[in-house]
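What follows is a short report on a single structure.
The values are calculated or read from the model by the stated rules, or taken from the named source; none is laboratory data. Remember, it's a predicted structure, so these values are computed and weren't measured experimentally. Ideal geometry is used to build each Cβ from the backbone, glycine not excepted, and the neighbour counts take in all protein chains shown.
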Amino acid sequence: MVRHNLLIMSDLVGSSEVRRLRRFANVYRSSELDKKTLADRLRQTDALLISSWPEILTDGTLRSMKRLRFIQGILVGVEHIPFQALARKVVVSSNAGAYSLEVGEHAFGLLLSAAKRVVDTHNSVARGKTDFKEFRGTSDDILVLRGKTLGVIGYGGIGAVVAGLGRSFGMNVIALSRSRRSASGSRGGGGLRFVRGRGALTSLLAGSDAVVLALPLTKLTEGMIGAKELSVAKGGAVLVNISRGDIVNQAALYEHLRRNPSFRYATDVWWYKEGRETLVTDYPFTSLPNFVGTPHISGPTAVASGRPVRMAVENTLRYLRGLRPKNVVKRSEYYRSIVL
């Protein structure tokens, strides 16, 4: 049996995981190699374990890696990987499911924060409002969740956690899924209904009091929430984005928030500029009382638990042992490189 050459290009992988991997492969850490040795190792490498895409892996370097067959990401998203530069024989696996609990909880925290107007009322107090009379009427804009409808766009691991939390709050849940398996039954029982196909997005937005975006950024989902989609949403709805900023059209969102003060947007993810996610936006969102933003902290919360690394290592071990890896990415859905 040919022994694999695995190159780890992430500082998140600990020594205990390295020892497990070395049972099935020659394992090297890029951080421990000098420039010349690293260049030599890259040409011999058939498997990579990465978090963010390493800058050293340029298109030219990838062309020299004739033996490369497998890439395992520690991050859940893979939109930062330059698929156009990879040979067709290279299999890429995401880390789907590794972040579901922490990111799903954060999504629901954002939903509650926006629904209960936590941030803007806190800011009012912090700015010096001290008379309770000044807050009369505020309760009219607070969304009570029980009995309301929660729309979940993207019913993977994160979406399922969000849906479960919504149901525990007494919400009826509509989940938009591209999976035939989840959508085929139409109803998931206990206040959960699946929708799929043409018109499903519009009907979900029109019928939901709160919507959570929990799907990957691909060439099909980029900009999927624009002016047209926002226009059919309920006037007092809450839209939560836990996916990627570019799923929502930035200009359309700002205009919708400005014109519809009862509509609220809460996000942990931001738009890309020059290939990088940045907190610097094209429009002054933070000046709006109906905008809530956190600096993409849901993912790192999961990393701190150690679960993403463990799951990425387990899937890498599957490849090294000759088994088919899980979470293999459909490369045709991705077309560009984004730096994380």
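A few points about this structure:
- Residue in segment 152-164 that is in the same structural domain as LEU215 (by TED's automatic domain parsing), surrounded by 20 or more Cβ atoms within 10 Å (Cβ to Cβ), over 22 Å from ASN327 (Cα atoms) and under 21 Å from the mean Cα position of the chain (by Cα) present: no
- Flag if ALA206 is in contact with a helix residue (DSSP H, G or I) (Cβ under 7 Å, 6 or more places away or on another chain), surrounded by fewer than 20 Cβ atoms within 10 Å (Cβ to Cβ), assigned by TED's automatic domain parsing to the domain that holds GLY154 and under 22 Å from VAL144 (Cβ atoms): yes
- Residues in segment 99-135 that are of a type outside the set (Val, Ile, Thr), on the phi < 0 side of the Ramachandran plot and modelled with pLDDT under 90: ASP120, HIS122, ASN123, SER124, ALA126, ARG127, LYS129, ASP131, PHE132, LYS133, GLU134, PHE135.
- The criterion of at least 3 residues that are among the basic types (Lys, Arg) and out of contact with any His (no Cβ under 7 Å at 6 or more places or on another chain) is met, among helices (runs of 4 or more DSSP H) falling completely within segment 1-98, by 35-44.
- Top-ranked residue of segment 161-209 - restricted to ones that are more than 19 Å from ALA114 (Cα to Cα) and in a strand (DSSP E or B), ranked as modelled with the lowest pLDDT: ARG187
- When LEU279 is tested against (1) assigned to a helix (DSSP H, G or I); (2) surrounded by fewer than 21 Cβ atoms within 10 Å (Cβ to Cβ); (3) hydrophobic (A, V, I, L, M, F, W, C), only condition (1) is not met.
- The requirement of being of a type outside the set (Ser, Thr, Tyr), more than 20 Å from ILE158 (Cα to Cα), surrounded by fewer than 22 Cβ atoms within 10 Å (Cβ to Cβ) and touching a Gly at 6+ places or on another chain (Cβ under 8 Å) is fulfilled somewhere in segment 257-270, by at least one residue.
- Flag for ASN26 being over 20 Å from ARG324 (Cβ atoms) and among the polar types (S, T, N, Q): yes
- Options GLY223, GLY235: the member that is free of Cβ contacts under 8 Å to residues at least 40 places away in the same chain, part of a loop (DSSP other than H, G, I, E, B) and more than 18 Å from LEU150 (Cβ to Cβ): GLY223
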